[in-house]
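Values quoted throughout were computed directly from the atomic coordinates according to the rules given, and no laboratory measurement underlies them. What you are looking at is a predicted structure, and each value in this text was computed from that prediction instead of being measured. Quick reminder, even Gly has a Cβ in these numbers, built from the backbone with ideal geometry, and neighbours come from all protein chains shown.
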């Protein structure tokens, strides 16, 4: 059992899961659950403006945010919303 995990390992696992079953990962990532104001105002968890939180928002919350408030894990999609890959947010700049 791992005692620690880093951003790269998390991204690698997400990409491995996308390769195995993109449709299921997409459904999990797209699913949002309404949350209360306390969770919506958490300093690192990524929550939508409609106070919806999803799996990627929680995972990003584990690793914190950059100076612009973005989490370190970015999902890259095609126009049809199919997941291409996950990557480190800094690679997007």
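With the structure loaded, tell me whether residue 50 is surrounded by 12 or more Cβ atoms within 10 Å (Cβ to Cβ) and under 23 Å from residue 80 (Cα atoms) or whether it fails that test.
Spelling it out, it is not the case that residue 50 is surrounded by 12 or more Cβ atoms within 10 Å (Cβ to Cβ) and under 23 Å from residue 80 (Cα atoms).
Mind listing whichever residues of segment 57-71 are free of Cβ contacts under 8 Å to residues at least 40 places away in the same chain and crowded, with 18+ Cβ neighbours inside 10 Å?
57, 60, 61, 71
Does segment 24-50 hold any residues that are out of contact with any strand residue (DSSP E or B) (no Cβ under 9 Å at 6 or more places or on another chain) and not in a loop (DSSP other than H, G, I, E, B), and which are they?
24, 27, 28, 30, 37, 38
Give me the residue from segment 51-81 that is touching a strand residue (DSSP E or B) at 6+ places or on another chain (Cβ under 8 Å) and part of a loop (DSSP other than H, G, I, E, B) and, out of that set, farthest from residue 14 (Cα to Cα).
51
Taking residue 83 as the residue in question, decide whether it is surrounded by 15 or more Cβ atoms within 10 Å (Cβ to Cβ) and in contact with a helix residue (DSSP H, G or I) (Cβ under 8 Å, 6 or more places away or on another chain).
Spelling it out, residue 83 is indeed surrounded by 15 or more Cβ atoms within 10 Å (Cβ to Cβ) and in contact with a helix residue (DSSP H, G or I) (Cβ under 8 Å, 6 or more places away or on another chain).
Looking at segment 2-56, which of its residues are in contact with a helix residue (DSSP H, G or I) (Cβ under 9 Å, 6 or more places away or on another chain), farther than 21 Å from residue 66 by Cβ and touching a residue at least 60 places away in the same chain (Cβ under 8 Å)?
Correct list: 18 only.
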